[in-house]
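**Q** The structure under discussion is supplied below as structure tokens; questions concerning it will follow.
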Amino acid sequence: MKDMSQLYSIILPAVYAVSVIFYGFIFYGRNKKLSLAASPLIIFLLILHTGHIILRAAAIDNFPLITKFDALSLLAFFILSLELVIQKIFRNKAAGFFALILACIIQALSSIFYNWNIQPNALLENWYFITHVLMTILGYTAISISSLYALLYLLLNNSIKHRRLGILYDKLPPLRILEKMSIYAVRIGIGSLGIGILLGHVLSAVLMSSFWPNDAKVWFSSFIWFAYFAGYIISQQQKWRGRWMAYLSIIGFGILVLANITIIFIKDTFHNFH
């Protein structure tokens, strides 16, 4: 099973790469019939990725969340899942090209640095804990997708402003739709991350008799969530739209990334992957 999982971990990013090339033909081409294959392609990748997760779990005899690279693989999976949902809601497949590129890069990094000599983690036999981690990863994924749409919004807005009506203008949805897609994703992110953090606090109260443990990652994550939540509420009350909303999303994502990089170098946390 381990050999099969290792082989699968090599094949998966290769299939992702081929899919990016195929989606590129959809994005840059003008064949409307070819564009019908966009959603089925992502569904195919999700099925393939699900098989990878199952094989990985069987190979390491644990839910595949022991290392940070397992978490990256799930991040790639959730990126595709959210993109598929948003495609169906907003009926636009063009932005999926960029989401697929992001997922491909993340899965490639995950597969390259997989560690196969690892010990099972007893916590990953607890589905309450697994739900806490999955909801947190889903929250980070949705925030990442939101910032991607915000970046596309700014690029398209700049193209229109300078009258460079190229491929982005032809393929991407109107600015108002991109803005709605970004806001929709950030709502999912705030909700999922909030649930994940709350479950973590409850689990801490049960296992450590402390609802709010003195841990760097707990403080960082809670602060980031509160900042996102407050920023979203203020932006809705003040009716910030367009570029300001896009900038807010990108800046928030930048802070999120910097905070998590900082946490990696902090040893005084029980959230380190082993």
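The values are calculated or read from the model by the stated rules, or taken from the named source; none is laboratory data. Fair warning: this is a prediction, and the values are worked out from it, not measured in the lab. Note that we place each Cβ from the backbone using ideal geometry, even for glycine, and neighbour counts take in every protein chain shown.
**Q** Hey, could you check segment 236-272 for residues that are farther than 18 Å from Leu148 by Cβ and assigned to a helix (DSSP H, G or I) and say which is modelled with the highest pLDDT?
**A** Step by step, filter segment 236-272, then rank; the result is Gln237.
**Q** Now, a different point. Taking segment 19-74, which residues are of a type in the set (A, V, I, L, M, F, W, C), over 22 Å from Ile112 (Cβ atoms) and within 20 Å of the chain's Cα centre (by Cα)?
**A** Within segment 19-74, the first condition is being of a type in the set (A, V, I, L, M, F, W, C), and the residues that meet it are 20-22, 25-27, 34, 36-38, 41-48, 53-55, 57-60, 63, 65-66, 69, 71-72, 74.
Narrowing further to those that are over 22 Å from Ile112 (Cβ atoms): 22, 25-27, 34, 36-38, 41-44, 47.
If the condition is that a residue be of a type in the set (A, V, I, L, M, F, W, C), over 22 Å from Ile112 (Cβ atoms) and within 20 Å of the chain's Cα centre (by Cα), then Ala38, Leu41, Ile42, Ile43, Phe44, Ile47 are the ones that fit.
**Q** Is it the case, given these coordinates, that Ser209 is outside the structural domain of Gly29 (by TED's automatic domain parsing), at positive phi and either within 19 Å of the chain's Cα centre (by Cα) or not basic (Lys, Arg) (or both)?
**A** yes
**Q** Another one. Please go through segment 82-121 and give me each residue that is touching a Lys or Arg at 6+ places or on another chain (Cβ under 7 Å) and farther than 24 Å from Pro40 by Cβ, ordered by number.
**A** Correct list: Trp116 only.
**Q** A further question follows. Any idea which residue in segment 107-144 is surrounded by the most Cβ atoms within 10 Å (Cβ to Cβ), counting only those that are assigned to a helix (DSSP H, G or I) and aromatic (Phe, Trp, Tyr)? Talk me through it step by step, then tell me what you get.
**A** Here is the first cut: in segment 107-144, the ones assigned to a helix (DSSP H, G or I) are 107-112, 122-125, 127-144.
Checking the rest, the ones that are also aromatic (Phe, Trp, Tyr) come to 127-129, 140.
Details: Trp127: 10, Tyr128: 11, Phe129: 19, Tyr140: 23.
The residue in question is Tyr140.
**Q** Determine, yes or no, whether Ile101 is within 22 Å of Ser19 (Cα to Cα) and crowded, with 19+ Cβ neighbours inside 10 Å.
**A** Judged against the criteria, Ile101 is not a match.
**Q** Which one is surrounded by the fewest Cβ atoms within 10 Å (Cβ to Cβ), of the residues in segment 71-80 that are over 9 Å from Gln107 (Cα atoms) and in contact (Cβ under 8 Å) with a residue 60 or more places away in the chain?
**A** Ala71
Rundown of residues vs (1) buried (at least 16 other Cβ atoms within 10 Å of the Cβ); (2) in a helix (DSSP H, G or I), yes/no style:
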| residue | (1), (2) |
| --- | --- |
| Ser146 | yes, yes |
| Tyr149 | yes, yes |
| Arg164 | no, no |
| Met181 | yes, yes |
| Ile190 | yes, yes |
| Gly200 | yes, yes |
| Ser204 | yes, yes |
| Leu207 | no, yes |
| Phe220 | yes, yes |
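**Q** Output the qualifying pairs, or none if there are none: Cβ atoms under 8 angstrom, residues six or more apart or on different chains, first residue in segment 171-200 and over 17 Å from Phe78 (Cα atoms) and assigned by TED's automatic domain parsing to the domain that holds Leu134, second residue β-branched (Val, Ile, Thr) and surrounded by fewer than 21 Cβ atoms within 10 Å (Cβ to Cβ).
**A** So the pair list comes out as Leu175/Ile160; Leu199/Thr131; Gly200/Val218.
**Q** To continue, here is another question. Report, by residue number, each residue of segment 1-16 that is aliphatic (A, V, I, L, M) and surrounded by 15 or more Cβ atoms within 10 Å (Cβ to Cβ).
**A** Scanning segment 1-16 gives Leu12, Val15.
**Q** Filter segment 85-112 down to the residues that are of a type in the set (A, V, I, L, M, F, W, C) and within 17 Å of Ile137 (Cβ to Cβ) and list them by number.
**A** Val85, Ala99, Leu102, Ala103, Ile105, Ile106, Leu109
**Q** Now, a different point. Just to verify a result, which residue in segment 90-125, among those that are over 25 Å from Met4 (Cα atoms) and without any contact (Cβ under 8 Å) to a residue 24 or more places away in the chain, is nearest to the chain's Cα centre (by Cα)?
**A** So, considering only residues that are over 25 Å from Met4 (Cα atoms) and without any contact (Cβ under 8 Å) to a residue 24 or more places away in the chain, the one nearest to the chain's Cα centre (by Cα) is Arg91.
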